[in-house]
């Protein structure tokens, strides 16, 4: 076997090793999402996690360094799923895109309540890293809204401030909704979509270069 063939085989082993590593890591994250969905961060020790996951504790240390690293990886994964849902409607008309985005957001919060609460409330105490993750989620969601409304993400400061206020209300409404479960998801989505329409029309008053889309039919 020549050196070129040896390098090729080594590269192939490395790629397969990386695939196995990522697959195993993803499996542990999926397990962790279920564990932290039912139990608070502080109530789970590494021994508890390893026992409930059915793995050696050292395996979790190998992939995530410590419990905090494991927890942050789970939150990052939850964020990726939430952002993917928000950005998966780009080929729809603007009004339908907004409706689908809001409904997908609420569906995610409904089915991943622990992860959602962590994302929007900052995690364990005042956790700077989780707050940074939350900021990235907000930025992506605001970008999705701005593209849908005006076809661009670069918008005036006033528009961004107003949309941030709307998104803060979305988080508050969603937290209350998943806690109480007193309203149908469709009703909550309609309230949030109507609120966004009002916000966009208010933005237009101050920033004519950011026109609000036409009102949808009642």
Total residues in the stretch 38-53, condition exposed (fewer than 14 other Cβ atoms within 10 Å of the Cβ) and closer than 17 Å to residue 112 by Cα: 2
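Confirm whether residue 212 is touching a residue at least 60 places away in the same chain (Cβ under 8 Å), outside any helix (DSSP H, G or I) and either in contact with a helix residue (DSSP H, G or I) (Cβ under 7 Å, 6 or more places away or on another chain) or not assigned by TED's automatic domain parsing to the domain that holds residue 39 (or both). It would help to see each step written out before you state the result.
Values: touching a residue at least 60 places away in the same chain (Cβ under 8 Å): yes; outside any helix (DSSP H, G or I): yes; either in contact with a helix residue (DSSP H, G or I) (Cβ under 7 Å, 6 or more places away or on another chain) or not assigned by TED's automatic domain parsing to the domain that holds residue 39 (or both): yes.
Considered against the rule, which asks whether it is touching a residue at least 60 places away in the same chain (Cβ under 8 Å), outside any helix (DSSP H, G or I) and either in contact with a helix residue (DSSP H, G or I) (Cβ under 7 Å, 6 or more places away or on another chain) or not assigned by TED's automatic domain parsing to the domain that holds residue 39 (or both), residue 212 comes out as yes.
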Please go through the stretch 149-182 and give me each residue that is within 16 Å of residue 198 (Cβ to Cβ) and either touching a residue at least 12 places away in the same chain (Cβ under 8 Å) or buried (at least 17 other Cβ atoms within 10 Å of the Cβ) (or both), ordered by number. 149, 158, 159, 162, 163, 164, 165, 166, 167, 169, 170, 173
With respect to the numbered conditions (1) in a loop (DSSP other than H, G, I, E, B); (2) in the same structural domain as residue 98 (by TED's automatic domain parsing); (3) more than 23 Å from the chain's Cα centre (by Cα), which one is the sole condition not fulfilled by residue 202? (1)
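The values are calculated or read from the model by the stated rules, or taken from the named source; none is laboratory data. In this text, all values refer to a predicted model and were calculated from it rather than measured experimentally. Using ideal geometry, Cβ is built from the backbone for each residue, glycine included, and neighbour counts are taken over all protein chains shown.
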